[in-house]
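Working notes for the structure below.
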Amino acid sequence: TLKINIYINTLIIYLINKYYYYIINYNIQDNIFIKFITNLGFKNSINITNEHIIKFWVGLIDGDGSIQVNHWRKLNLQYRLIIKLKNTKSNYNMLKLFIPLIGGNVKLVSNNNFVIWVVNNKEDIIKIIKIFDKYPLLTSNKRAQLLFMKKNLLKQDINWYLNNRNNKYNNNIIIQKEILNDLTNINNNYFNSWLSGFIEAEGCFSIRNNYNIKSFSIGQNNDLYLIEYIKNKFNADNKIQLKKNNFYLIEIYKLENLLLIINHCNNYPLLGEKLISFLKFNKYVSCSHTTIK
C-alpha cells in the first residue's frame, strides 16, 4: 500500500509538471484543473505567481543576463538590460512572461538562433532597477554591473564612463563579502524563486549510462560562496570542484539530495527550456525512489 501511495503521489506531481509545460508552450489557462489540484493538496505545485516570476527573473539575470552601459560615438551614454537564450519555444514564451510584469521586448536575433529579452529605454531601466533594490542580485559580476550602471545614471558624464568602464569589477571581493552577508539574512521565499531562475540559467539535470546515473550540477565563476550556499540548501556533501577560470561547480548524485532538488523545483517552478529536462529527470529519479521504497 505504501508503494502504491508513493507511486500515485509521484504520478500526480509528474502530471502537474507536464501541465507547467503546456502552460508555458501554449499559454493554457485551465482554472478547473488548478482548482482540482488545489483541492488534492498540491497548491504549492502550481505556484506560478507574478511574484515568483519576478524573483525568478532576477535569478535568470544573475545567470544569463547582462547589465550594460555603452556609448554612441563617445557622445552619449546608452543603457541596456538583456537576457540572451537559445531560441526554443519554451525560452521564447518564458521571456514573454516578463513583459507585462517587468517591461522590455522579446525578439529573435542571430538568424533566429537566439531569443533575447531586452530593454534599451533609460526611463524604463530606471524603473526596473527598483526591482533589484527589493530583490538583490546575488552574483558579484552582475551586482558590479548594476553598481556601474547606477553610477553612470547619476553622473551622466561620458568622460567618467570612458575612464572607468574597465574598472567595474575591481571591487568584486568587497561585493562578494556584501552578498555573503546578505545571504545570512535573506528571505527564504525570495531565495527559492531566485534559485529556480538561476537553475534555469546555470543548472543541469543529467541522466547517463542507460538511466542508471542521475545527477544535478550547477556552477558559477568566482562566487564560491554562492555554490556553497546552494550545496548547503540541498544538504549535499559533495566536494565543490574548481575548474578553469575560477569556475566553481558542484555535481550531486545522492538520491536523497536529488529528491530535495526535485521538491524545490516542484514548489518553485522552472519556466523555460530547463523545465523540459527537469520533467524527464523528475520522472526517472522519482521512479528510482519508488523502487527503493
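Counting neighbouring beta carbons within 10 Å and listing from fewest to most, the residues Val69, Val109 come out as Val109, Val69.
At a Förster radius of 35 Å, what calculated FRET efficiency corresponds to the Cβ-Cβ distance of Asn232 and His71, to the nearest 0.05? Approximately 0.25, to the nearest 0.05. Calculated on C-alpha atoms, the gyration radius of the range 235-275 divided by its Kirkwood radius gives an Rg/Rh of 1.07. Here the range 51-170 was treated as a single set of alpha-carbon atoms; its pair distances binned every 10 Å from 0 give 13, 44, 33, 10, 0 percent. Extension gain for Tyr284-Leu183 works out to 33.1 nm (0.36 nm per residue, less the C-alpha to C-alpha distance). Shape analysis of the range 152-293 yields a ratio of the Cα radius of gyration to the Kirkwood radius, Rg/Rh, of 1.08.
Across the range 51-170, the mean sequence separation of Cα contacts (distance under 8 Å, 6 or more residues apart), normalised by length, yields a relative contact order of 28 percent.
The Lys155 and Gln241 beta-carbon pair, evaluated with R₀ = 51 Å, returns a calculated FRET efficiency of approximately 0.80.
When each of Asp223, Asp124, Asp64 is scored by the number of other beta-carbon atoms lying within 10 Å, the sequence from fewest to most is Asp124, Asp64, Asp223. Counting every pair of alpha carbons in the range 66-134, the share spaced more than 19 Å apart comes to 38 percent.
Values in this text are rule-based calculations from the coordinates and carry no lab data. Keep in mind the model is a prediction, meaning the values are calculated, not measured. Glycine gets a Cβ as well: all are built from the backbone with ideal geometry, and neighbour counts include every protein chain shown.
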